[in-house]
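Okay, handing you the structure first.
The values are calculated or read from the model by the stated rules, or taken from the named source; none is laboratory data. Remember, predicted model here, so these are calculated numbers, not experimental data. Neighbour counts run over all protein chains shown; Cβ positions are idealised from the backbone, glycine included.
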Amino acid sequence: MTEKRPPDYRLGLFRLIVVIAFGVLAAQMLRLQVVQGATYRKLADENRFRLVAIPAPRGVLYDRAGRLLVRNVPSFNVTITPAYLPEDAPAVQAIYTRLAAQLHMPVTTASSGPSPTNSSGLQGSVPSEPGIKELVEAGANAPYRPVVIKKNVDRQTALTLQEELAQMPGVAVELEPVREYLDGPLTSALIGFMTRVPENEVDAYIAKGYDPATDSVGASGLEAALEDMLRGTKGRKYIEEDVVGRELRTVGPPEPAIPGDSVVLTLDLDLQKIAEAALKHGMEQASQKLGHPVRSGVVIALNPQTGEVLASVSLPTYDNNLFARGISTADWDALSNDPYTPLINHAIGGQYPPGSTFKIVTAAGALEEGVINQNTTIYDPGRIVVYGQPFVCWKASGHGNQNVIEALAHSCDVFFYEVGGGYPPNNFPGLGIDRLARYAQAFGFGALTGIGLPGEAAGLIPTEKWKRLTYGELWTLGDSYNAAIGQGFVTVTPLQLANAYAAIANGGTLYQPQIVREIRRGDLANSVVVQGFAPKVIRQLPISASNLALIREGLRQAVASTGGTAWLANLPDVAVAAKTGTAEFCDDIALKEGFCQNGKPLPTHAWFAAFAPYEKPEIVVLVFLYNGGQGSESAAPIAAEILKAYFSRQRSADTSQPGADH
């Protein structure tokens, strides 16, 4: 008979523990697979599938003849997605080292040694460019967002890296379109450039659908002004990824991106080239004559019948292609530290005293207010004294008796002193500053033209109230005299002045200058016009046709008559009307460069405004040279060269038409 053993409680306890453990596992599996199965399937799909934005091709720009000015070209970027990097540090370091060798950049710039030095040997004044490690760490707060390690990688390097991606999890080579500005410096002041989303505006751009990590925005010029039209609408697609983040396939049909609109400008590229060449040549000639370099100038050409900008040149300029692929620190420093500010479009942002070109305003106001008429004459002895203060004419011997036509033709300062401010010794009241300011504002001075480009300035038209509030001083007769000849506190932009002369040329209509001719959906060959061109009238000048005719005649005589100050613009086969301007100034640049020293004559800006043909004007040309000397000597030849080329080209076009008389 077998002996019975007592029960083994330890074995029973073990069995119970095993049963309970399997029960817990079964319950957990039931919870995960049945109760919460849908939730975890969704999370798994989200890890495997990702919604990706499809960039929209940015709209391109053309000149008025359909010549391409800006286009998109492919560029290769190398990125790292932090979440897909290996977990062990040595493997990550190996990837960084491999990339650094291919991209010619450091793995890391972190160092406990001395700060890097600049070219002058000063430590700590030049920050180091981040290495690969620093760039990845900066993007670690969004681990599934690719971090751009290097932009604009050359094609051969990009292809080599593509072949090695299997050994570098987390690394990708992405194709990004970048802007190519075909004429670079020739049109950069107008077209501008693009940059990444500004750090202080990130939230606003995110709300508009931008991705601050990858998207660029227009930063200046037309790129900024037309941002909403050019940017297009992003598409999107679902992609399936493997465990290291490589795209395997697209899931379902993608939602295609909508390209940005194409823009046709009013700009005439040929005339732009002519204007730039003439301005550069004129600046060189003026530099040689004056004995100092003339570093800044502007040319503007308008159609006075529509307000279209045909050409706009601002010097010094810059190459906007520098920004397209990431500007270097050295290039940025050179541009931003240049005292002549090449990044500013001086045609719309420069504010300068207009000198005698402003006399059309004084003449118009005085005629319209009945202060003078076409028969009024004022004697110019070359110098008048009022309340013990002398006021001189540019011609020391004086012009003698002058009516308004002669005074415009000869640019007689004394005539406009007395007409603008009055002449107490003869009890002649003059126009006065408040009425002069009202007419100046009617011509568009002291306000933005509305061209729509960023950086436009309004200039300044002073009044008695303005001086009292600004300086706490009373307005004086001398202030009125200065304002009447475009000096003193008066400042204008070149575009404002060109537009004012366009209004004189066309018979009294002040148009809003426009640079955009058409907005087209699609490329130029297969597009639909969504916005065509139509002239935009700001106002009619409050000046009668007869008084405008007198001013126009004065401008014509400035070119055609003996003693006219604009005679250098006289063309043999085209009637030109014009006005010269020489404006004294003293600003920060002139002070720094020693042009405003005590005892020396003040430096002068050179101005010239012209329109032609006189009978039916089709072009206005405005020339400005900063510190360029006399307008009649330095600026007039530039305008003449542009007008001559313009009408020569017009005649060539006319004779080439079918049926033309050869």
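Please verify whether the stretch 513-524 includes one or more residues that are outside any strand (DSSP E or B), buried (at least 17 other Cβ atoms within 10 Å of the Cβ) and not hydrophobic (A, V, I, L, M, F, W, C).
Filtering the stretch 513-524 down to residues outside any strand (DSSP E or B) leaves 513, 515, 522-524.
From what is left, the residues that are buried (at least 17 other Cβ atoms within 10 Å of the Cβ) are 513, 515.
Now restrict to residues that are not hydrophobic (A, V, I, L, M, F, W, C): 513.
For the stretch 513-524, residues outside any strand (DSSP E or B), buried (at least 17 other Cβ atoms within 10 Å of the Cβ) and not hydrophobic (A, V, I, L, M, F, W, C): present.
Now a separate question. Can you report the number of residues in the stretch 129-181 which are exposed (fewer than 15 other Cβ atoms within 10 Å of the Cβ) and among the hydrophobic types (A, V, I, L, M, F, W, C)?
Summing the residues that are exposed (fewer than 15 other Cβ atoms within 10 Å of the Cβ) and among the hydrophobic types (A, V, I, L, M, F, W, C) in the stretch 129-181 gives 7.
Would the stretch 369-390 turn up any residue that is modelled with pLDDT of 95 or more and within 39 Å of the chain's Cα centre (by Cα)?
no
Here is a check on your reading of the model: is Ala558 small (Gly, Ala, Ser), assigned to a helix (DSSP H, G or I), at pLDDT 95 or above and over 28 Å from Gln514 (Cα atoms)? Lay out the reasoning, then the answer.
Values: small (Gly, Ala, Ser): yes; assigned to a helix (DSSP H, G or I): yes; at pLDDT 95 or above: yes; over 28 Å from Gln514 (Cα atoms): yes.
When the stated conditions are applied, Ala558 passes them.
Also, I was wondering about something else. For the stretch 431-443, which residues satisfy the criterion of being small (Gly, Ala, Ser) and free of Cβ contacts under 8 Å to residues at least 60 places away in the same chain? Give the steps one after another, and end with the answer.
Initial filter on the stretch 431-443 (small (Gly, Ala, Ser)): 432, 437, 440, 442.
Answer for the stretch 431-443, where residues must be small (Gly, Ala, Ser) and free of Cβ contacts under 8 Å to residues at least 60 places away in the same chain: Gly432, Ala437.
Among the residues of the stretch 359-390, how many are touching a Ser or Thr at 6+ places or on another chain (Cβ under 9 Å) and of a type in the set (Gly, Ala, Ser)?
Adding up the residues that qualify gives 2.
Looking only at the stretch 283-305, filter to residues that are of a type outside the set (A, V, I, L, M, F, W, C) and buried (at least 21 other Cβ atoms within 10 Å of the Cβ); which one of those is farthest from Pro513 (Cα to Cα)?
Step one: list which residues in the stretch 283-305 are of a type outside the set (A, V, I, L, M, F, W, C), which gives 284-285, 287-289, 291-293, 295-297, 303-305.
So of that shortlist, the ones also buried (at least 21 other Cβ atoms within 10 Å of the Cβ) come out as 296-297, 303-304.
Numbers: Ser296: 23, Gly297: 20, Asn303: 9, Pro304: 9 Å.
Looking at residues that are of a type outside the set (A, V, I, L, M, F, W, C) and buried (at least 21 other Cβ atoms within 10 Å of the Cβ), I get Ser296.
Which numbered condition in (1) within 21 Å of Val490 (Cα to Cα); (2) surrounded by 16 or more Cβ atoms within 10 Å (Cβ to Cβ) is the only one that Phe533 fails?
Only one criterion in (1) within 21 Å of Val490 (Cα to Cα); (2) surrounded by 16 or more Cβ atoms within 10 Å (Cβ to Cβ) is unmet by Phe533, namely (1).
Continuing with this model, one more query. Just checking, which of Gly459, Gly446 is free of Cβ contacts under 8 Å to residues at least 24 places away in the same chain, in contact with a strand residue (DSSP E or B) (Cβ under 9 Å, 6 or more places away or on another chain) and not assigned by TED's automatic domain parsing to the domain that holds Ala225?
Working: Gly459 fails: free of Cβ contacts under 8 Å to residues at least 24 places away in the same chain.
Every option except Gly446 fails the conditions.
Sticking with this one: Can you confirm whether the stretch 324-336 contains a residue that is of a type in the set (Gly, Ala, Ser), within 17 Å of the chain's Cα centre (by Cα) and farther than 30 Å from Glu593 by Cβ? Lay out the reasoning, then the answer.
Filtering the stretch 324-336 for residues of a type in the set (Gly, Ala, Ser) gives 324, 326, 328, 330, 334, 336.
This time we only want the ones that are within 17 Å of the chain's Cα centre (by Cα), so: 324, 336.
Still in the list and also farther than 30 Å from Glu593 by Cβ: 324.
Looking for residues that are of a type in the set (Gly, Ala, Ser), within 17 Å of the chain's Cα centre (by Cα) and farther than 30 Å from Glu593 by Cβ, one finds at least one in the stretch 324-336, hence yes.
Do we find a residue being surrounded by fewer than 23 Cβ atoms within 10 Å (Cβ to Cβ) and outside any helix (DSSP H, G or I) anywhere in the stretch 639-649?
no
Restricting to the stretch 73-98, what's the tally of residues that are assigned to a helix (DSSP H, G or I) and within 25 Å of Phe323 (Cα to Cα)?
Initial filter on the stretch 73-98 (assigned to a helix (DSSP H, G or I)): 82-84, 89-98.
Remaining after also requiring within 25 Å of Phe323 (Cα to Cα): none.
Within the stretch 73-98, residues that are assigned to a helix (DSSP H, G or I) and within 25 Å of Phe323 (Cα to Cα) number 0.
With touching a helix residue (DSSP H, G or I) at 6+ places or on another chain (Cβ under 8 Å) and either of a type in the set (S, T, N, Q) or within 26 Å of Pro381 (Cα to Cα) (or both) as the only criterion, which of Ile451, Ile461, Ile433 stands out?
Working: Ile451 fails: either of a type in the set (S, T, N, Q) or within 26 Å of Pro381 (Cα to Cα) (or both); Ile461 fails: either of a type in the set (S, T, N, Q) or within 26 Å of Pro381 (Cα to Cα) (or both).
Only one candidate qualifies: Ile433.
Here are some conditions: (1) in contact with a helix residue (DSSP H, G or I) (Cβ under 9 Å, 6 or more places away or on another chain); (2) closer than 30 Å to Lys151 by Cα. Gly326 meets all but one. Which one does it not meet?
(1)
Identify, from the list Leu568, Leu602, the residue that is under 17 Å from Ile485 (Cβ atoms), of a type in the set (A, V, I, L, M, F, W, C) and within 34 Å of the chain's Cα centre (by Cα).
Details: Leu568 fails: under 17 Å from Ile485 (Cβ atoms).
Checking each option against the conditions leaves just Leu602.
Oh, and also: So how many residues does the stretch 276-325 have that are touching a His at 6+ places or on another chain (Cβ under 7 Å) and farther than 26 Å from Ala219 by Cβ?
Adding up the residues that qualify gives 0.
For the stretch 271-298, which residues satisfy the criterion of being more than 15 Å from Phe608 (Cα to Cα) and over 22 Å from the mean Cα position of the chain (by Cα)?
Those that are more than 15 Å from Phe608 (Cα to Cα) and over 22 Å from the mean Cα position of the chain (by Cα): His281, Glu284, Gln285, Ser287, Gln288, Lys289, Leu290, Gly291, His292, Pro293, Val294.
Quick one: Pro342 ticks every box in (1) closer than 30 Å to Ser216 by Cα; (2) free of Cβ contacts under 8 Å to residues at least 40 places away in the same chain; (3) out of contact with any Ser or Thr (no Cβ under 6 Å at 6 or more places or on another chain) except a single one, so which number is it?
Condition not satisfied by Pro342: (3).
From the list Thr317, Thr357, Thr306, which one is under 30 Å from Lys151 (Cβ atoms), touching a residue at least 24 places away in the same chain (Cβ under 8 Å) and polar (S, T, N, Q)?
Values: Thr357 fails: under 30 Å from Lys151 (Cβ atoms); Thr306 fails: under 30 Å from Lys151 (Cβ atoms).
One residue alone meets the criteria, Thr317.
If a residue must be modelled with pLDDT under 85, assigned to a loop (DSSP other than H, G, I, E, B) and at positive phi, how many such residues does the stretch 124-179 contain?
1
In the same structural domain as Phe489 (by TED's automatic domain parsing), over 16 Å from Phe428 (Cβ atoms) and without any contact (Cβ under 8 Å) to a residue 40 or more places away in the chain - does that describe any residue in the stretch 376-386? Spell out how you get there, then give the answer.
Going residue by residue through the stretch 376-386, those that are in the same structural domain as Phe489 (by TED's automatic domain parsing) are 376-386.
Right, trim to over 16 Å from Phe428 (Cβ atoms) and you get 382-383.
Those left that are additionally without any contact (Cβ under 8 Å) to a residue 40 or more places away in the chain: 382-383.
There is at least one residue in the stretch 376-386 that is in the same structural domain as Phe489 (by TED's automatic domain parsing), over 16 Å from Phe428 (Cβ atoms) and without any contact (Cβ under 8 Å) to a residue 40 or more places away in the chain.
Condition check: within 30 Å of Pro90 (Cα to Cα), outside the structural domain of Glu456 (by TED's automatic domain parsing) and touching an Asp or Glu at 6+ places or on another chain (Cβ under 9 Å). Does Thr214 satisfy that? Give the derivation first.
Working: within 30 Å of Pro90 (Cα to Cα): yes; outside the structural domain of Glu456 (by TED's automatic domain parsing): yes; touching an Asp or Glu at 6+ places or on another chain (Cβ under 9 Å): yes.
Taking the combined requirement at face value, the residue satisfies it.
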